[in-house]
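Structure, as C-alpha cells:
The values are calculated or read from the model by the stated rules, or taken from the named source; none is laboratory data. Not measured: the values here are computed from a predicted model. FYI the Cβ positions are ideal-geometry reconstructions off the backbone, even for glycines, and counts take in every protein chain you see. To get the accessible areas, we keep the full protein, side chains included, count just its heavy atoms, and leave off ligands, DNA and RNA. Shrake-Rupley method; radii C 1.70, N 1.55, O 1.52, S 1.80 Å.
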Amino acid sequence: MSELRTPQAGDDQAPDIDVVALLMRQHGDIRNLFDEVEQSRGEERRDAFRRLVRLLAVHETAEEEVVHPFVRRAVEGGEQVVRDRLAEEKSAKETLAALDDMDTDDPKFMPRLMQLRTEVQEHARAEERYEFAHIRRSTDVTNLAAMAKAVKAAEAMAPTRPHPGVESATANVALGPVAALMDRTKDAVRKAMGKS
C-alpha cells in the first residue's frame, strides 16, 4: 500500500512569496489529481481519490480563512463575491461528501466525480477571476507573502474531509480544529487498516 501523500501549500518547495501563485499551483495540483483518479483503477484510484479529498478540504478551508476575509475588506463588491464563492464551495463539498461515502469501484462513482470536477473547475475559474486577480491588484508584496504563510498555517490545521455547511472563517475557527482532529483520526485508522 502506498503512503497517503497529498500536496499542500509549499510542498513544491517554491518560495511562498505570493498567495495567488501558491493557490494557483494548488489549482493545478487539483486538476492533476482529478486526472489521476479518472485514469487509474482499484487501489490506485482509491489512493488518488483520498489525496484529492484531502487537498480539496484543506485548500478550501485555507481560502475560507485567509482569502475570503481579505476580499470582503479590500475588494469593491467583495461581500457578494465571497457569498457567490461560498455557495459554490458548499455545493462542491456536498458532492464531495457523497463521493467520499462511495466506493471508487461503484458504477455511480465516475459520473459523480465528473460532476464534481465540473463544479470545482468552474469554482476555481471564478476564484481566479473575481478574487485572485483583485487580490494581486489590491495589496503589496509583503501582504501577499504574509497571506501565503497564513494559507500554509491554515492548511496545516484544516480538516481533511469535506464538511458542508462550514464555509466561513468563523465556522472554521469554531469547528475546524475538532473536525480536523476527527478527520486525522479517521485517516490514521484507515491507514492502519490498509484502506487509505
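Being within 28 Å of Arg137 (Cα to Cα), open to solvent by 20 Å² or more (accessible area, probe 1.4 Å) and either at pLDDT 95 or above or in contact with a Phe, Trp or Tyr (Cβ under 6 Å, 6 or more places away or on another chain) (or both) holds for only one residue in Asp18, Asp84, and it is Asp84. Assessment of the stretch 47-67 against the conditions (over 15 Å from Ala158 (Cβ atoms), open to solvent by 40 Å² or more (accessible area, probe 1.4 Å) and in a helix (DSSP H, G or I)) yields no matching residue. Restricting Val37, Val75 to those that are more than 22 Å from Arg137 (Cα to Cα), touching a Ser or Thr at 6+ places or on another chain (Cβ under 9 Å), in contact (Cβ under 8 Å) with a residue 60 or more places away in the chain and crowded, with 16+ Cβ neighbours inside 10 Å reduces the list to Val37.
Among the residues making up the stretch 68-106, those that are in a helix (DSSP H, G or I) and among the aliphatic types (A, V, I, L, M) are Val71, Ala74, Val81, Val82, Leu86, Ala87, Ala92, Leu96, Ala97, Ala98, Leu99.
Of the candidates Glu131, Glu155, Glu122, the single residue that is charged (D, E, K, R), surrounded by 20 or more Cβ atoms within 10 Å (Cβ to Cβ), closer than 23 Å to Leu23 by Cβ and modelled with pLDDT of 95 or more is Glu131.
If the condition is being loosely packed, with under 13 Cβ neighbours inside 10 Å and either in contact (Cβ under 8 Å) with a residue 12 or more places away in the chain or part of a helix (DSSP H, G or I) (or both), then the stretch 108-119 contributes Pro111, Met114, Thr118.
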